[in-house]
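Single-structure report; data block below.
Bear in mind that the values in this text are calculations on the coordinates, not laboratory data. Please read all numbers here as calculations on a predicted model, not as lab measurements. Note: ideal-geometry Cβ built from the backbone for every residue, glycine included; neighbour counts use all protein chains shown.
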Amino acid sequence: MAGLAHLEQTIAESIAIEGIGLHSGAPVTMRLLPAPAGSGIVFRRTDLDNFEIAANGRNVAKVSYATSLMRQGVLISTTEHLLSALVGMGIDNVIVELDNLELPILDGSALPYVDAIRTVGIRTQRRRRETIRVLRAVEVREGNKFIGVYPGSGYSIQYTIDFPAPIGRQATIVDLAAETYGEWIAPARTFGYKADEQRLRDMGLIRGANAGNAIILGVKGPENGPLRFDDEFVRHKVLDLIGDLALAGRRIEGHVVAERAGHAMHTALVSRLLKDRSAWELAHVPVETEAPRRRGHETAADDVLASPVLMSA
Ligand SMILES: [Zn+2]
């Protein structure tokens with residue numbers, strides 16, 4: 001886990017990624033660019049005069065099947081898998097250019113982003129990283145759905161899902177300080193039920209879905225090949241949660257518990273947490289807990305853009 005570095009990080013070179021949006025089916029070309037320390041994650045619509053939307057809780061739009069950001073009527077849709085990969089890989093600052101409204105779904109997981117970041121490398125920046133250190137519990141409950149965040153060192157997530165067959169109940173606990181995001185979480189793919197497919201297509205909600213970018217579940221199990229993990233479904237929910245909680249603007253230091261939650265619950269927790277100023281404090285990551293970084297390297301040259309690495313969905 002690169003995320004424990006006490007200094008902020010960006011990508012060492014730009015990354016270009018092409019694909020289609022899961023919900024819109026729209027083709028999109030995306031470029032990730034290194035960004036200065038302190039700038040955070042900022043999306044930029046190159047098809048709309050480089051209109052910028054920062055990845056933070058103030059810009060969260062209507063949330064149901066995916067997490068979207070909106071500012072002044074401009075939309076950026078399905079941000080969660082990229083944001084998850086950025087948090088998981090310990091990237092604080094990046095500009096995300098895209099020429100359409102929805103991020104590419106790629107293979108339905110965050111692994112292509114992780115691979116791309118590993119390919120270009122990570123650059124350490126000269127600014128202390130701040131975390132949102134949780135001081136007391138903040139909880140959101142809605143019917144039988146629940147999510148809460150509690151004080152705790154590091155960043156750990158306990159997630160329980162209870163879906164109709166063939167998924168059923170799955171639970172996992174992930175300690176992001178100890179587990180390797182790239183190996184345990186990033187490969188877990190999004191999923192959907194064959195029985196829901198026609199209804200969702202009729203509603204225009206999954207125009208880009210195909211057997212290459214989502215696990216399609218029949219009555220007995222996956223219809224398109226083997227799972228990457230026995231508990232891939234709950235791992236994907238953890239992936240989504242990490243991406244949605246990135247909208248807090250900084251890495252969370254605490255323990256998250258989620259039961260039957262989804263994007264709306266995840267982002268509701270972000271809003272409630274940020275509003276309750278007595279529930280958290282900004283804290284620096286201590287230098288002595290810094291984990292060894294395999295790919296990071298020190299440089300003060302913050303503005304060098306190297307040639308992009310091209311990757312297709
Ligand atoms: Zn997802």
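A few comments on the model shown:
- Sequence-distant contacts, meaning Cα pairs under 8 Å at least 6 residues apart, place the relative contact order of the chain at 31 percent.
- Each residue in 180, 29 was given a count of other beta-carbon atoms within 10 angstrom of its own, and listing them fewest first yields 180, 29.
- Cα-centre dipole for segment 31-159 with unit charges at Cβ (Lys and Arg positive, Asp and Glu negative), debye to 20: 640 debye
- Signed unit charges on C-beta, dipole axis of segment 71-207, positive-most listed residue 88, 108, 137: 137
- Cα-based shape type of segment 7-48, given that a ≥ b ≥ c are square roots of the gyration tensor eigenvalues and the cut on a/c is 1.5: prolate
- When each of 153, 271, 68, 84 is scored by the number of other beta-carbon atoms lying within 10 Å, the sequence from fewest to most is 153, 271, 68, 84.
- Whether segment 13-163 is rounded, prolate or oblate, judged on the alpha carbon gyration tensor where a/c under 1.5 counts as rounded: oblate
- Dipole of segment 2-292 [Lys/Arg +1, Asp/Glu -1 at C-beta], most positive-end residue of 46, 182, 19: 46
- Computed FRET value (nearest 0.05) for residue 165 with residue 6, which takes r as the C-beta separation and R₀ as 51 Å: 0.65
- Relative to the Cα centre, the charge distribution of the chain, modelled as +1 at Lys and Arg Cβ and -1 at Asp and Glu Cβ, gives a dipole magnitude of about 520 debye.
- Segment 243-290: C-alpha gyration tensor shape, a/c 1.5 cut-off, then a/b vs b/c: prolate
- Peptides 97-104, 37-44, 14-21 ordered by packing proxy, namely the average of other Cβ atoms within 10 Å per residue, highest first: 97-104, 14-21, 37-44.
- Protection proxy ranking for 163-173, 237-247, using the average of other Cβ atoms within 10 Å per residue and placing the highest first: 237-247, 163-173.
- Per-pair calculated FRET efficiency, R0 = 41 Å: residue 194 and residue 52 via Cβ, rounded to 0.05: 0.55
- Relative contact order (%) - criterion: Cα under 8 Å, at least six apart; region: segment 1-123: 39 percent
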